[in-house]
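The values are calculated or read from the model by the stated rules, or taken from the named source; none is laboratory data. These figures come from a predicted structure and were not determined experimentally. So basically every Cβ, Gly included, is an ideal-geometry build from the backbone, and we count neighbours across all protein chains shown.
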Amino acid sequence: MKKLLSKKRWIITLLVIISVVLAVFTYNRATGSKLEDTLAFVIVPLQNAGSSISRGIGNITSRFKGTDALSEENRILKDELLSARAEVSRLRMLEEDTRKLEALLQMSDNYPDYEVQGAYIISKDPGNWYKSFTVNKGSSSGIKKDMPVITDQGLVGKVSRVGVNYALVTSIIDDSEAVTSKSLRTGDICYVNGTFSKDDTCIMQYYDDKADFVVGDEIVTSQLSKIYPAGIRIGYITEFGGEGNGTVNSGLISPAVNFKNLSYVLILKNNFEQKPIEETTETESK
Amino acid sequence: MEFVVLFIVNILVFILQSSVVSHFEIMGITANLMLMFVISTAIIKGPGKGLFCGIVMGLLQDFYFCEYVGCNFFIYALIAYIAGTSCKNLVKDNIFLPLICSVASTLIYNVLFYVINVFLKGYIHGEVFLLKIVLPETVCNAIAILFVYFTLLPVYEFLDSRSKKYVNKVV
């Protein structure tokens, strides 16, 4: 018994030491190691197959939805389409005006066109704690760390690690994410955090007491953000209060993207990351 | 050879969990088939092979979904080793053995994960996580392990009996 106990103790101590060493050496790395990339060549194609099968099953189950629900959805979508069309024609006129005014002012284009790479989500985090997922495009398609990930509805998150044929995406509803953002209506700055405790919502925090936020305001990424381009939609304010601690005002945001049935995302390939000052001066001196 | 087969089965279970099972969530919760597979192997085959499965499974999850390698590796390996050593001398086809192991392992996994990744970051609302994540997952896993354990048990027994026959013939 004594011998067994000591053996147990040795194995557990060894486990602790190995995992601490691994954690220290692998924290916040940008690319996968050789071992991970090699394994990924086997795993990623199989995950591709598996996720396409589960997408197929999802399509079949959605076919059994009642016709009532579908016609209701159809009606809502038609209404939305009408208002969207009106909005588009209004915005076209505005765009035309802006182009003319910009030409007058000889301003450069403020909103550059993005180069976009589409990717399928092939696997989601198996645990229930984190909300990260992997996509089937990696460094072989030109993906790099910290590239923004969006859908047609809004911001999804950013690329946090890249392998040769896969990339890990951390979504904005994940706790480790914080996005500098602003209200589209007033331009007031706030910070959008993911949260553990509520499903598919983000917490917004702002320090300015005079800031003008109301429920229903659209929140977009701001130009202060280091990695996201300005003006990508994040979501809408749903309520105020929540997990504030006195000095910080806070509220809840429901994201524009539906994270539940996300299967296809777009990765913006322009890297918006600003280089640290030392780095740029170094390259200039060379 | 047996370890190579176990390694391949581990990868298959990981793929099944990450790209098929995790698409179907009930109230935002999915059963953790990977943990259930590791536990079942540890109960039936003993601490050595359980530890191996735990290490491989933890490393796979760390490699492809975590900020750093080490957290899941440690938790899976620890749970597998404890389950393996404590169930070594028990009768394997009792239904309560996998059930109790499943509940205990889910609780240990979530408590350790909470302490390592959440509590140390400064979040102290433990009761929210208990109600939102731990309790639903415990129920899900308890149902899942019945399927996993009682499919694995005959397979492992069949393989064992075959290998014994083979050894006898050779001798």
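For segment B:45-66, does any single residue satisfy the condition of being at the interface with another protein chain (Cβ under 9 Å from one of its Cβ atoms), of a type in the set (S, T, N, Q), out of contact with any His (no Cβ under 7 Å at 6 or more places or on another chain) and not in a helix (DSSP H, G or I)? No - not one qualifying residue is present in segment B:45-66.
How many residues are in a helix (DSSP H, G or I) and surrounded by fewer than 17 Cβ atoms within 10 Å (Cβ to Cβ) when one looks only at segment B:113-147?
Narrowing segment B:113-147 to residues in a helix (DSSP H, G or I): B:113-121, B:126-147.
So of that shortlist, the ones also surrounded by fewer than 17 Cβ atoms within 10 Å (Cβ to Cβ) come out as B:115, B:119-121, B:126-128, B:130-131, B:135, B:139, B:143, B:146-147.
Qualifying residue count for the region: 14.
Among the residues making up segment A:121-154, those that are within 15 Å of the chain's Cα centre (by Cα), of a type outside the set (Ser, Thr, Tyr) and part of a loop (DSSP other than H, G, I, E, B) are A:Asp125, A:Lys131, A:Ile143, A:Lys144, A:Lys145, A:Asp146, A:Met147, A:Asp152, A:Gln153, A:Gly154.
As a summary of the residue check, B:Lys88 satisfies the conditions (1) within 14 Å of chain A (Cβ to nearest Cβ); (2) within 18 Å of B:Cys53 (Cα to Cα); (3) free of Cβ contacts under 8 Å to residues at least 40 places away in the same chain; (4) surrounded by fewer than 18 Cβ atoms within 10 Å (Cβ to Cβ) except for the one numbered (3). Within segment A:256-273, does at least one residue satisfy the condition of being at pLDDT below 50 and loosely packed, with under 12 Cβ neighbours inside 10 Å? No, the conditions are met nowhere in segment A:256-273.
Scanning segment A:113-131 for residues that are buried (at least 23 other Cβ atoms within 10 Å of the Cβ) and in contact (Cβ under 8 Å) with a residue 60 or more places away in the chain turns up A:Ile122, A:Ser123, A:Lys131.
Considered as a group, the residues in segment A:205-229 that are assigned to a strand (DSSP E or B) and free of Cβ contacts under 8 Å to residues at least 60 places away in the same chain include one that is farthest from A:Tyr191 (Cα to Cα), and that residue is A:Glu218.
So is A:Glu36 acidic (Asp, Glu), in a helix (DSSP H, G or I), out of contact with any helix residue (DSSP H, G or I) (no Cβ under 7 Å at 6 or more places or on another chain) and surrounded by 10 or more Cβ atoms within 10 Å (Cβ to Cβ) or not? So A:Glu36 fails the test. In segment B:1-21, the residues that are within 13 Å of chain A (Cβ to nearest Cβ) reach residues that are among the basic types (Lys, Arg) and outside any helix (DSSP H, G or I) with C-beta atoms within less than 7 angstrom, at least six apart or across chains, in these pairs: B:Ser18/A:Lys124.
Quick grid of which residues meet (1) more than 12 Å from chain B (Cβ to nearest Cβ); (2) within 19 Å of A:Asn258 (Cα to Cα); (3) not hydroxyl-bearing (Ser, Thr, Tyr):
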| residue | (1), (2), (3) |
| --- | --- |
| A:Val164 | yes, no, yes |
| A:Val179 | yes, yes, yes |
| A:Thr195 | no, yes, no |
| A:Gln205 | yes, no, yes |
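Report whether or not B:Ile75 is out of contact with any Ser or Thr (no Cβ under 7 Å at 6 or more places or on another chain) and either closer than 21 Å to A:Ser6 by Cα or at pLDDT 90 or above (or both). Criteria met by B:Ile75.
Among the residues of segment B:139-165, the one identified as within 11 Å of chain A (Cβ to nearest Cβ) and of a type in the set (S, T, N, Q) is B:Asn141. Of note, A:Asn48 does not satisfy the criterion of being modelled with pLDDT of 85 or more, in a helix (DSSP H, G or I) and either more than 14 Å from chain B (Cβ to nearest Cβ) or under 21 Å from A:Asn258 (Cα atoms) (or both).
Got a sec? Which of A:Ile76, A:Ile18, A:Ile57 is within 30 Å of B:Lys88 (Cα to Cα), among the β-branched types (Val, Ile, Thr) and free of Cβ contacts under 8 Å to residues at least 24 places away in the same chain? Write out each step before concluding.
Details: A:Ile76 fails: within 30 Å of B:Lys88 (Cα to Cα); A:Ile57 fails: within 30 Å of B:Lys88 (Cα to Cα).
Going through A:Ile76, A:Ile18, A:Ile57 in turn, just one is within 30 Å of B:Lys88 (Cα to Cα), among the β-branched types (Val, Ile, Thr) and free of Cβ contacts under 8 Å to residues at least 24 places away in the same chain: A:Ile18.
Within segment A:132-146, the set of residues being of a type in the set (Ser, Thr, Tyr) and either more than 14 Å from every other protein chain (Cβ to nearest Cβ) or without any contact (Cβ under 8 Å) to a residue 24 or more places away in the chain (or both) comprises A:Ser139, A:Ser140, A:Ser141. Looking at (1) farther than 26 Å from A:Asn258 by Cα; (2) in contact with a Pro (Cβ under 9 Å, 6 or more places away or on another chain); (3) at the interface with chain A (Cβ under 7 Å from one of its Cβ atoms), which one does B:Ile82 not meet, given that it meets all the others? Just one mismatch for B:Ile82, condition (3). In segment B:22-77, which residues are in contact with an Asp or Glu (Cβ under 9 Å, 6 or more places away or on another chain), without any contact (Cβ under 8 Å) to a residue 60 or more places away in the chain and of a type in the set (A, V, I, L, M, F, W, C)? The answer is B:Phe63, B:Phe65, B:Cys66, B:Val69, B:Cys71, B:Phe73.
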